[in-house]
Structure formats: C-alpha cells, structure tokens
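Computed from the coordinates by the stated procedures, all read-outs in this text should not be read as laboratory data. All of these numbers come straight from a predicted model, not from anything done at the bench. With ideal geometry, Cβ positions are generated from the backbone for all residues, glycine too; neighbour counts draw on all protein chains shown.
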Amino acid sequence: MTHWSTRSLAQAARLQGIAPTLSHSTVALILRDADLQPHRSRYWKTPVADNTFRTLSAPILWCYERAAALAQQGEVVMCVDEKPNIQALERRRPTHPMRPGLIERQEFEYVRHGTVNLLVKLVVHTGMMRGWCLEHNDSASLRAVLPQSKPPLRPRVS
C-alpha cells in the first residue's frame, strides 16, 4: 500500500493487536493533532551535479557572482529564458467575486485563443525584468526582440 487512509490505518492497528477497538475517526483525530497527513505526497527530484555540469556551469556562475563589478566596467550580465506554448485561455463568463459565506467562483468553460511563447529577460546586477509574448517560438522572433532587451547600465532614478 503506498498511501494510508484512516480506515486502512485503523484496520492495520486492529489486525496487529495495537489497538483492538480503534476507529477510523479516532485515527483521523490522532493524525490531525500530530499534524500528519499520510494521504498527501509531493514529488521532488534530487539534483545531480556531476563533473560535466560543474565544468559547464562554472563560467556562468562566475558571471553571476561578479555581475555588479562587470556592470561597473560596462559589461551587463543578463539571463534570458522562455516558456513556450502557453495556452491563451479566456473564461466564457465573468468570475463571480467572493461574498460573505461564498467563495469566489470561476466559470469552468473557457475559449481557446491558441498559444503564446513567453520570453523573459533578467538584468542580474539590477534585478530588473522584462517580458515579451512572441507569436512564434523560433530564432527570427528571438532576434527581433533582442535589440529591445539592451538594459541601461544603471537603473533610472525617477
């Protein structure tokens, strides 16, 4: 069994003679008081940092660590990442706002408007971010946006 329910835990305790008259509701109270949730789980991935990864990442991490000093010399460290094929969805009807005694309600049905590709740039030494929605996920779209992504060396002061 990979996940225990309160009923299966109570049954196992009875079968093993731990608690001959234990009910599932008592198990639920015990678990709640102990802040345990055996019915829930979460995935994770153990990172593997082998020698190839360390060799490839070292120059990038060097730039990140020295981003402020490099910016003072006129060299800007930027990170660019993409999230392709995000569905552009619209709800068929307006969302009903929360009211006393009622939670917010959203229409289940939606209208599809195709997909969009998100491109985001981070200027490391300032923390400034900018994003673009691109129609196509190709090098031509990226080349069109890159000239717009040149950051100022110093943040603007208003």
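What the table shows:
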| read-out | value |
| --- | --- |
| Intensity falloff of the range 2-41 expressed as log10 I(q)/I(0), Debye formula with alpha-carbon point scatterers, at q = 0.21, 0.25 Å⁻¹ | -0.60, -0.81 |
| Loop-located GluC sites (Glu not before Pro) in the range 59-158, at most 12 other Cβ atoms within 10 Å (DSSP) | 104, 107, 109, 135 |
| Estimated vicinal HN-Hα couplings, Hz - the range 56-65 in sequence order (Karplus 6.51, -1.76, 1.60; Gly, Pro = x) | 6, 7, 4, x, 5, 5, 4, 5, 4, 5 |
| Choice from 25, 57, 41 with maximal GNM fluctuation in the chain (Cα, 10 Å cutoff) | 25 |
| Burial ordering of 78, 98, fewest other beta-carbon atoms within 10 Å first | 98, 78 |
| Sites residue 103 and residue 32 - FRET efficiency at Förster radius 22 Å, r taken between beta-carbons, to 0.05 | 0.45 |
| Alpha-carbon Rg with Dmax, taken over the chain, Å | 26.6, 75 |
| Loop sites in the range 1-96: trypsin sites (Lys or Arg not before Pro), DSSP, at most 14 other Cβ within 10 Å | 40, 42, 45, 92 |
| FRET E, pair residue 135, residue 110, Förster distance 25 Å, beta-carbon r, rounded to 0.05 | 0.75 |
| Sorted largest first, extent of the range 104-153 alpha carbons per principal axis (Å) | 46, 30, 11 |
| Hz values of 3J(HN,Hα) by residue in the range 77-92 - Karplus curve (6.51, -1.76, 1.60), Gly and Pro given as x | 9, 10, 10, 10, 9, 10, 10, x, 6, 7, 5, 8, 10, 9, 5, 5 |
| The chain: calculated mean residue ellipticity at 222 nm from DSSP helix runs of at least 4, using -39500 (n - 2.57) | -9000 deg cm²/dmol |
| Candidates 113, 39, 96: whichever shows maximal mean-square fluctuation once the chain is modelled as a Gaussian network with Cα springs under 10 Å | 39 |
| Gyration tensor verdict on the range 1-91 (Cα atoms; rounded if a/c is under 1.5, prolate if a/b is larger than b/c, oblate otherwise) | prolate |
| Among 58, 68, 19: highest mean-square fluctuation, GNM of the chain, C-alpha pairs under 10 Å | 19 |
| Sites residue 145 and residue 49 - FRET efficiency at Förster radius 30 Å, r taken between beta-carbons, to 0.05 | 0.40 |
| Total formal charge among the other residues, if their Cβ is under 11 angstrom from that of residue 132, Lys/Arg +1 and Asp/Glu -1 | 0 |
| Given 10 as the ceiling on other Cβ atoms within 10 Å, longest exposed-site-free region of the chain for chymotrypsin sites (Phe, Trp or Tyr not before Pro) in DSSP loops | 45-107 |
